[in-house]
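Chemist: Right, I'll just put the structure down here and ask away after.
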Amino acid sequence: MKFWKHWALPFKGGQRNCYIEQVARPLRIRAQFTPSKERSRSKLHAMPTDRKPEFFKGAQLRVGIIGCGYVGLPLALRFAEAGHRVTGFDTDPKKVEMLNVGKSYIEHIQQTKIQQYVNSRHFSAATDFSRLDEMDAILICVPTPLNEYREPDLSYVEQTAKSVQPHLQKGQLVVLESTTYPGTTEELVLPILEKSGLRCPIAAGTENENVAGDFFLAFSPEREDPGNKQYGLAQIPKVVGGVNPPSGRAAQALYGQVVAKVVPVSSTRAAEMAKLLENIFRCVNIALVNELKLLCLRMGVDVWEVIEAAASKPFGFMPFYPGPGLGGHCIPVDPFYLSWKAREYDFATRFIELAGEINTSMPYHVVESLGEALNRQKKSLKGSKVLVLGVAYKKDVDDLRESPTLKIMEILQKRGVEFEYNDPYFPHLHKMRHYDYSNMKSVPLNPQNLGKYDAVIIATDHSSYDYSAIVDGAKLVVDTRNATRRVIRNRDKIFLC
Ligand SMILES: NC(=O)c1ccc[n+]([C@@H]2O[C@H](COP(=O)([O-])OP(=O)(O)OC[C@H]3O[C@@H](n4cnc5c(N)ncnc54)[C@H](O)[C@@H]3O)[C@@H](O)[C@H]2O)c1
């Protein structure tokens, strides 16, 4: 009998993520080094000084991508595919080693693709940042998380700018891709790069169309959606804004070679803000449906039915879906970059704060719903045995950054619930920034095992789960994603929340 489709999945992703958290982070700073100024100065004249933005329309450019993660690696492979010579720079020597032998550490990035470009010498990886001086363009794709006070942590961007600075060459194009608040490129990256003695003046307008500078600097936000099979990097339009018009044109010329459409804006600030608007739009709309879900639950109305009905309107409506809370590296994090910056202007971003409040309350709602469902069976939350399905922040990805499941597990722990988890993408968990689940292993899903728990929480709706079999085998199913909508048998065991 076929019960558990996910058994067929390769369980590599979780191991990679464990590795990223445990090994890569401590090595980050140590691996970076700065060779002597003499060495880089002696190469200053190797680049043409009169390089025009149109140069970046050319073939066989040398492109350096700093940060070979979820964003940088696909970007590097796309430039390689377009025929350029790409070097991926990363502070993590293990990742660099893997890339240079054609291995992938990200579930949805195919090994064969990396191998192909390593073999054709279109792609290689390096920890040696002195090689940045050989590049025509340098694209920065390093993390921009929040610190423990939920304020922007720009240390990775700052550190990267400092690594570029000693190797900066005349005529080079530097583009920041990391998501950040408006002003970062001009206020943080530019002053560090200009410590090299090279200049890139901040300027706008037609009168500055050809303003002179030593290097080009731009911001272009990444819109990568890992695992999205419909829109890959090449199909997603890219917004580009320069510190001055020639920088904008240089970045447009470069990206025009690898994406279907480039959308120029007048400044780096506009490009930085555009990315934040996209993510705030999602964050606020998700909060809206989460709040409406809570009301619908009280009113006895099926919120998912309501959303499907509203989505039949062919204009002016876009569906968003409720869930156990926000997850991923972007949506729970990026809006707070703007709220933080807004304070400098005596401005309160109330939509962002309200959305944050609603979304962060959702894991608590899940645990309260579990308590209510158990109560109906004359059981208490404390001392109950619970299986949590899915730790990834969304379905079918090997990424648990900011996953609401981690918060749910923390609340369960505090309320005295004995819980285990299953996730085909994470065979075991590890110590993270905010949580330590280092001793936990994904338990097998089978009917005998399922029957042991007082309840099963569906936290992430992976496609590989067989929901009918889960409902059949479980005593009670608390479904946070409406994943059981097609289940016909035993619906009385399902508690939608
Ligand atoms: N992951 C996404 O879906 C996504 C989508 C759009 C935008 N973004 C944004 O893109 C940026 C990168 O995110 P990501 O998901 O690729 O992060 P990631 O953690 O997957 O990758 C970052 C990489 O940078 C490396 N690194 C860290 N510090 C470095 C340094 N000083 N020099 C060189 N390498 C360094 C790390 O080892 C890692 O390989 C973030 O600003 C993020 O908000 C991410």
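The values are calculated or read from the model by the stated rules, or taken from the named source; none is laboratory data. Source: prediction; values computed, not measured. With ideal geometry, Cβ positions are generated from the backbone for all residues, glycine too; neighbour counts draw on all protein chains shown. The protein model used for the area step is the full one, side chains on, heavy atoms only, and it has no ligands, DNA or RNA in it. Shrake-Rupley method; radii C 1.70, N 1.55, O 1.52, S 1.80 Å.
Chemist: Looking only at region 45-103, count every residue that is outside any loop (DSSP other than H, G, I, E, B) and either open to solvent by less than 50 Å² (accessible area, probe 1.4 Å) or within 15 Å of the ligand (Cβ to nearest atom) (or both) and tell me the total.
Modeler: Counting residues in region 45-103 that are outside any loop (DSSP other than H, G, I, E, B) and either open to solvent by less than 50 Å² (accessible area, probe 1.4 Å) or within 15 Å of the ligand (Cβ to nearest atom) (or both) gives 27.
Chemist: Looking at region 256-285, which of the residues that are away from the ligand (no atom under 16 Å from the Cβ) and more than 30 Å from Gly83 (Cβ to Cβ) is farthest from the chain's Cα centre (by Cα)?
Modeler: Ser266
Chemist: Can you pull out the residues in region 319-351 that are away from the ligand (no atom under 16 Å from the Cβ), part of a helix (DSSP H, G or I) and under 28 Å from Lys414 (Cα atoms)?
Modeler: none
Chemist: Here are some residues: Leu445, Leu412. Which one is open to solvent by less than 40 Å² (accessible area, probe 1.4 Å) and more than 30 Å from Pro335 (Cβ to Cβ)?
Modeler: Leu445
Chemist: Name the pairs: first residue in region 159-185 and among the aliphatic types (A, V, I, L, M), second residue near the ligand (Cβ under 9 Å from one of its atoms) and assigned to a helix (DSSP H, G or I), Cβ to Cβ under 8 Å, at least 6 apart or on different chains?
Modeler: Matching pairs, first to second residue: Val164/Phe129; Leu176/Val157.
Chemist: Could you please let me know if Glu272 is touching a helix residue (DSSP H, G or I) at 6+ places or on another chain (Cβ under 8 Å) and of a type in the set (Asp, Glu)?
Modeler: It is true that Glu272 is touching a helix residue (DSSP H, G or I) at 6+ places or on another chain (Cβ under 8 Å) and of a type in the set (Asp, Glu).
Chemist: For region 427-439, does any single residue satisfy the condition of being buried (at least 24 other Cβ atoms within 10 Å of the Cβ), touching a helix residue (DSSP H, G or I) at 6+ places or on another chain (Cβ under 7 Å) and either assigned to a strand (DSSP E or B) or in contact (Cβ under 8 Å) with a residue 40 or more places away in the chain (or both)?
Modeler: Looking through region 427-439, none of the residues is buried (at least 24 other Cβ atoms within 10 Å of the Cβ), touching a helix residue (DSSP H, G or I) at 6+ places or on another chain (Cβ under 7 Å) and either assigned to a strand (DSSP E or B) or in contact (Cβ under 8 Å) with a residue 40 or more places away in the chain (or both).
Chemist: Further, regarding this structure: Taking Ser196 as meeting all but one of (1) farther than 30 Å from Glu107 by Cβ; (2) within 26 Å of the chain's Cα centre (by Cα); (3) assigned to a loop (DSSP other than H, G, I, E, B), write down the number of the exception.
Modeler: The one condition Ser196 does not meet is (2).
Chemist: Taking the residues in region 464-491 that are more than 20 Å from Glu420 (Cα to Cα) and not aliphatic (A, V, I, L, M) as candidates, determine which candidate is nearest to the chain's Cα centre (by Cα).
Modeler: Selected residue: Asn482.
Chemist: Right, here's the next one. Examine region 173-194 for a residue that is open to solvent by 10 Å² or more (accessible area, probe 1.4 Å), in contact with a Phe, Trp or Tyr (Cβ under 6 Å, 6 or more places away or on another chain) and under 24 Å from Pro143 (Cβ atoms), and state whether such a residue exists.
Modeler: Scanning region 173-194 turns up at least one residue that is open to solvent by 10 Å² or more (accessible area, probe 1.4 Å), in contact with a Phe, Trp or Tyr (Cβ under 6 Å, 6 or more places away or on another chain) and under 24 Å from Pro143 (Cβ atoms).
Chemist: Something else about it: Any residue in region 215-226 that is open to solvent by 10 Å² or more (accessible area, probe 1.4 Å) and without any contact (Cβ under 8 Å) to a residue 40 or more places away in the chain?
Modeler: Let us first name the residues in region 215-226 that are open to solvent by 10 Å² or more (accessible area, probe 1.4 Å), namely 216, 222-226.
With without any contact (Cβ under 8 Å) to a residue 40 or more places away in the chain added as a condition, the list becomes 225.
Checked region 215-226: at least one residue is open to solvent by 10 Å² or more (accessible area, probe 1.4 Å) and without any contact (Cβ under 8 Å) to a residue 40 or more places away in the chain.
Chemist: Taking region 238-268 on its own, how many of its residues are charged (D, E, K, R), in contact with a helix residue (DSSP H, G or I) (Cβ under 7 Å, 6 or more places away or on another chain) and not in a strand (DSSP E or B)?
Modeler: Counting residues in region 238-268 that are charged (D, E, K, R), in contact with a helix residue (DSSP H, G or I) (Cβ under 7 Å, 6 or more places away or on another chain) and not in a strand (DSSP E or B) gives 1.
Chemist: Quick check on region 140-147. Is at least one of its residues open to solvent by 40 Å² or more (accessible area, probe 1.4 Å), near the ligand (Cβ under 9 Å from one of its atoms), closer than 28 Å to Pro166 by Cβ and in contact (Cβ under 8 Å) with a residue 12 or more places away in the chain?
Modeler: Yes, region 140-147 contains at least one residue that is open to solvent by 40 Å² or more (accessible area, probe 1.4 Å), near the ligand (Cβ under 9 Å from one of its atoms), closer than 28 Å to Pro166 by Cβ and in contact (Cβ under 8 Å) with a residue 12 or more places away in the chain.
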